[in-house]
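Step one of this worksheet: look at the structure below.
No lab work stands behind these numbers, since they all come straight from the coordinates. Here the structure is a predicted model, which means the values were calculated and not measured. Cβ placement follows ideal geometry from the backbone for every residue including glycine, while neighbour counts extend to all protein chains displayed.
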Amino acid sequence: MNSSIVEKTAAYFRGKGVILPTIAELKNPNLISEEIKNKVLTLDKDAMDPANLFRVHWFNQRDHSNFLDVPEHIVLPSEFTGVDAKIIVNLGRYFPLITAHKVLAAYGCLLPRILNGSFDYSKHKAVWPSTGNYCRGGVAISKILGLKSIAILPEGMSQERFNWLEKWVEDKNDIIKTKGTESNVKEIYDACNELEKNKNNDIINQFNEYYNYATHRAITGSSFEKSFLKVKGNTNLQARFYVSASGSSGTLAAGDYLKENLNTKIAVVEAIECPTLLYNGYGEHNIQGIGDKHVPLIHNVMNSDFVVGVSDEATNNLNLLFNTNEGKKYLESRKGFEKDFVNRLPEFGFSSIANIIASIKLAKKMKLSKNDAIITVATDGADLYETELAKTKKQFNKIYDEVTCAEIFAKNFEAITVDHTLELSQIDKERIFNLGYYTWVEQQGTSIEEFESRRSQSFWDKHYKDMISLDPKIKEFNSL
Ligand SMILES: Cc1ncc(COP(=O)(O)O)c(C=O)c1O
């Protein structure tokens, strides 16, 4: 630990009125002091104010006027999903600053650097590589703390991400656009390796940052347990599966918490157009935020139980259906779904729709009953994909009417089958685990010892314990 930098940073933060929230507070905002809570709740949720750090959790009420006891979530009606299992979707768009939960991972990855003094605000720039939401989260956290930062993301990501970044960065040169789209992560690493030559750039790479894993296991996992227990009430509902699309695999780590505490199995979702885990395949797709043509270092592969493939044709088309007047009218008038429910469908972005489709596939494959629950997550909402929606609509050659809506719903939703759904055998797990060797050991210089030690659950438990033991250090830092 570099005490002089820690003290210098504490003084800098004090001058800006920064107080760092503890892990316990982010797991349970009832622990946040009344004084802080009152201040935060009068602020705009997107204000560039460090007090908004106290909103970086799952418990923000939809109108942001208060904190809740359980995360905002939706239990999908069975008439809609066509399966009896209860699918519980936890909503990420109520996180502050970026309307996506990746801002939590960014805080969790920066935090230890502040506490041990390895990040010196007077010299360093935080570099946030991602396919979009994590780098926005990183830029947001850096900005409200008064730290310099750089975002790296592929040029083909949604325009809404770039519009947001342009408003938040100090200088447009702090947005680095790499070649390609969603699955071009190698190009992101190349840009990081170039920037790393300058020792003042601190690369906070979500794909190999174990604190990303540990943040989600500790905070997201325990938060999702609460929404499950609320839905369960006094019934004998079982939390059978946790379903999460993987980008960096951070969000997936909530599954390790749920497995430990509720005996839940873990299903990873990827795009069938880029089936890296399922078939060691490759390709392009538009489920933005996931499926990056490699196995992230922080993916606890040996603890994963299923892989489910979902097509981006389905997510693109359902995004259109859920977010147009024609689609809403079809779902309400022709399919008879409640207006209130249909009005909530825009709370699901592309990867959220993928998680929902994957949950339905699993419920069908495993023949789940009404006593079974699937816990899943909607990382962001449709508002981040309006320009993508316009592109999908164009593909219908201007004829987008009730018949088109019926075709989309029948083909992409009602006809969901159990294809591309794999229960992982020991050999499958090893095949996926070993695939990571080429990225990490051969390409990125991870030592073979570190790579191999990830086979053991105790390796992951150690990182989790490190994370949950940060609170005394956070309190000490706040009191400096
Ligand atoms: C929209 C969206 N969905 C899913 C993910 C995947 O989350 P994770 O990186 O935690 O695996 C991301 C990651 O940035 C994302 O932006």
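For the reader, a short list of remarks on this structure follows.
- Under the condition of being part of a loop (DSSP other than H, G, I, E, B) and out of contact with any Asp or Glu (no Cβ under 8 Å at 6 or more places or on another chain), the residues counted in segment 423-445 number 3.
Residue-wise test of (1) over 23 Å from the mean Cα position of the chain (by Cα); (2) assigned to a loop (DSSP other than H, G, I, E, B); (3) more than 16 Å from the ligand (Cβ to nearest atom).
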site	(1), (2), (3)
383	no, no, no
393	yes, no, yes
397	yes, yes, yes
403	yes, no, yes
416	yes, yes, yes
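- Residues satisfying the stated conditions in segment 265-280, i.e. touching an Asp or Glu at 6+ places or on another chain (Cβ under 9 Å) and more than 14 Å from the ligand (Cβ to nearest atom): 265, 272, 273, 278
- The strands (runs of 3 or more DSSP E) found wholly in segment 156-259 and carrying at least 2 residues that are without any contact (Cβ under 8 Å) to a residue 40 or more places away in the chain occupy 175-178.
- Inclusion of residue 377 among residues that are in contact with a helix residue (DSSP H, G or I) (Cβ under 7 Å, 6 or more places away or on another chain) and touching a residue at least 60 places away in the same chain (Cβ under 8 Å) is warranted.
- Exactly one residue out of 36, 5 is without any contact (Cβ under 8 Å) to a residue 24 or more places away in the chain, surrounded by 15 or more Cβ atoms within 10 Å (Cβ to Cβ) and in a helix (DSSP H, G or I), and it is 36.
- Residue in segment 96-113 that is part of a helix (DSSP H, G or I), over 30 Å from residue 200 (Cβ atoms) and not charged (D, E, K, R) present: no
- All of (1) assigned to a loop (DSSP other than H, G, I, E, B); (2) out of contact with any Ser or Thr (no Cβ under 6 Å at 6 or more places or on another chain); (3) touching a residue at least 40 places away in the same chain (Cβ under 8 Å) hold for residue 62 with one exception: (3).
- In segment 112-130, the residue that is farthest from the ligand (Cβ to nearest atom) out of those that are in contact with a Lys or Arg (Cβ under 9 Å, 6 or more places away or on another chain) and over 17 Å from residue 195 (Cβ atoms) is 122.
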